[in-house]
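Visitor: Here it is, the structure, as structure tokens.
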Amino acid sequence: MDFISHTVEGSTDVQLLREHLINAKNLAEDYGTDIDIPKVTGLAALLHDLGKYRVAFQEYIQNGVGHHGSVDHSSFGAYFIHQFINEHSQAESEKDRLYLTWFGEIIENAIMSHHNSLGLKDFVDAHVNSPFLKRLNKVEEDPELKDELQRVIQRFFQEVMGEKEISDYFDQAYKEFSLLIDKCFSQDKRTLLSNLFFIETYVYSCVLDADRTDTATFSLDQPVKRYDYSAVFEDYYQKLNRQLAGMNSEKEINQLRSAMSDECDDFAEKRDGIYQLSIPTGGGKTLAGMRYGLKRSILSHKKHIFGVLPFITIIEQNARVYRETFNGDPLDNQNILEFHSNVAQELRSNKEKDDLLDLAEDSWNSPITVTTMVQFLNCIFASGTTNRRRFHNLCNSVIILDEVQKVPVKCLSLFNKAIN
């Protein structure tokens, strides 16, 4: 029997479940390298659709038995991890027992919530209940589900990854997680709880993006969009320098702009950190800030540059400047994503570009993204899978926050915590 993950409406094409799980694992591993936990994110993605090995799901997807969402497939991977930790992991120290608990809960929640419209499940809600534990314990209270879980796991072992192989993979993932938590402890124990939140959000984001990206590329019959970020940033950096060199240096204002831009270029050689750039209106802040971003990205191998602004009118203006400077055309959006509620429709000239632009908007994987403060905060804190899918791409990036004083006061504490 062929176990199917996805079909295409109006077509006989199918994606086998084994292929989808392996593809998602590989994508999530790639995403997870940004904070050195590729096996953690890979493990969560590998098991996210384990429940599609249920007979009921196969009857639904192959024969149309039932309706969309009627078969729970997103919980079984979480049940598997929970059972695996209980049966296979030998935690000798109190530290290991604590780390294993956190490790399991983070992966389990990412898996069981990957179709949850509200996002990750609360470990403790306002009524002092635990939606997370309620979902996780569901299988413990149902003997039939327990038996079915074992059958599902055996199909996974036969088709995707053997028991010894998954055990080794689990050990590698846990080692990565332990090193990351040790690092968090060594920096400041007081921030551990918020760091765990961001680690969980990161793993969740990687699973969401890996799942959605592989599904979309199968449905659209297109390969995963790969960027050579270093080459793009080097090309844009050279173009910007050539443009600046061609400015009329006889004008005093241009001399001042050039001097401030050169300072930004020099400053890019400093280590990563949080810095403030103060340039008066008319001083060329848009391109000076981008010059810093491009050079810093080249020197420290960043994958993305984000320009975050408070007002749509400024975003439209800045994005137009970037497109004209780097692509030679104010409407050429190659490598540059302008993301807000009023994105100009003239950027979408045909169906193929629509599809590619939709993928870029969903994942924020473009080398340069220009967006609003609202959208930036949404991808960190807002509910829903669409927002959180983008979160992991904020890591290993240069983030240029223009008019940062415009952050709403009620959001300031969360904003500072995220940036720090």
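The values are calculated or read from the model by the stated rules, or taken from the named source; none is laboratory data. In this text, all values refer to a predicted model and were calculated from it rather than measured experimentally. Backbone-built Cβ (ideal geometry, glycine too); neighbour counts: all protein chains shown.
Visitor: Can you name every residue in the stretch 1-12 that is surrounded by fewer than 20 Cβ atoms within 10 Å (Cβ to Cβ) and either touching a residue at least 12 places away in the same chain (Cβ under 8 Å) or of a type in the set (Gly, Ala, Ser) (or both)?
Guide: 1, 2, 4, 6, 7, 8, 10, 11 - these are the residues of the stretch 1-12 that are surrounded by fewer than 20 Cβ atoms within 10 Å (Cβ to Cβ) and either touching a residue at least 12 places away in the same chain (Cβ under 8 Å) or of a type in the set (Gly, Ala, Ser) (or both).
Visitor: Another question, then. Considering the stretch 240-293 alone, what residues qualify as being among the aromatic types (Phe, Trp, Tyr) and either exposed (fewer than 13 other Cβ atoms within 10 Å of the Cβ) or farther than 22 Å from residue 394 by Cα (or both)? So that I can check it myself, show each step before the final result.
Guide: So in the stretch 240-293, the residues among the aromatic types (Phe, Trp, Tyr) come out as 267, 275, 292.
The one that is among the aromatic types (Phe, Trp, Tyr) and either exposed (fewer than 13 other Cβ atoms within 10 Å of the Cβ) or farther than 22 Å from residue 394 by Cα (or both): 275.
Visitor: Can you tell which of 293, 307, 289 is of a type outside the set (A, V, I, L, M, F, W, C), in contact (Cβ under 8 Å) with a residue 40 or more places away in the chain and in a strand (DSSP E or B)?
Guide: 307
Visitor: Is it the case that residue 194 is of a type in the set (Gly, Ala, Ser) and surrounded by 14 or more Cβ atoms within 10 Å (Cβ to Cβ)? Break it down stepwise before answering.
Guide: Values: of a type in the set (Gly, Ala, Ser): yes; surrounded by 14 or more Cβ atoms within 10 Å (Cβ to Cβ): yes.
Criteria met by residue 194.
Visitor: I've got another one for you. Any idea which of 237, 174 is under 26 Å from residue 90 (Cα atoms), out of contact with any Asp or Glu (no Cβ under 7 Å at 6 or more places or on another chain) and crowded, with 20+ Cβ neighbours inside 10 Å? Outline the logic, then answer.
Guide: Details: 237 fails: under 26 Å from residue 90 (Cα atoms).
Checking each option against the conditions leaves just 174.
Visitor: Just give me the residues in the stretch 33-77 being closer than 15 Å to residue 23 by Cα and basic (Lys, Arg), in sequence order.
Guide: Answer for the stretch 33-77, where residues must be closer than 15 Å to residue 23 by Cα and basic (Lys, Arg): just 39.
Visitor: Another question, then. Could you please give the count of residues in the stretch 370-401 that are in contact with a Gly (Cβ under 9 Å, 6 or more places away or on another chain), surrounded by fewer than 18 Cβ atoms within 10 Å (Cβ to Cβ) and either closer than 18 Å to residue 210 by Cβ or outside the structural domain of residue 333 (by TED's automatic domain parsing) (or both)?
Guide: 1
Visitor: Restricting attention to helices (runs of 4 or more DSSP H) lying wholly within the stretch 317-401, give those where 1 or more residues are modelled with pLDDT under 85. If you could, list the steps in order and put the result at the bottom.
Guide: On the way: elements: 351-363, 373-381, 385-389.
By residue number, 351-363.
Visitor: Could I ask something else about it? Restricting to the stretch 314-340, and then to whatever is among the β-branched types (Val, Ile, Thr) and in contact with a Leu (Cβ under 9 Å, 6 or more places away or on another chain), can you tell me which residue is nearest to residue 241 (Cα to Cα)?
Guide: Going through the qualifying residues, I end up with 325.
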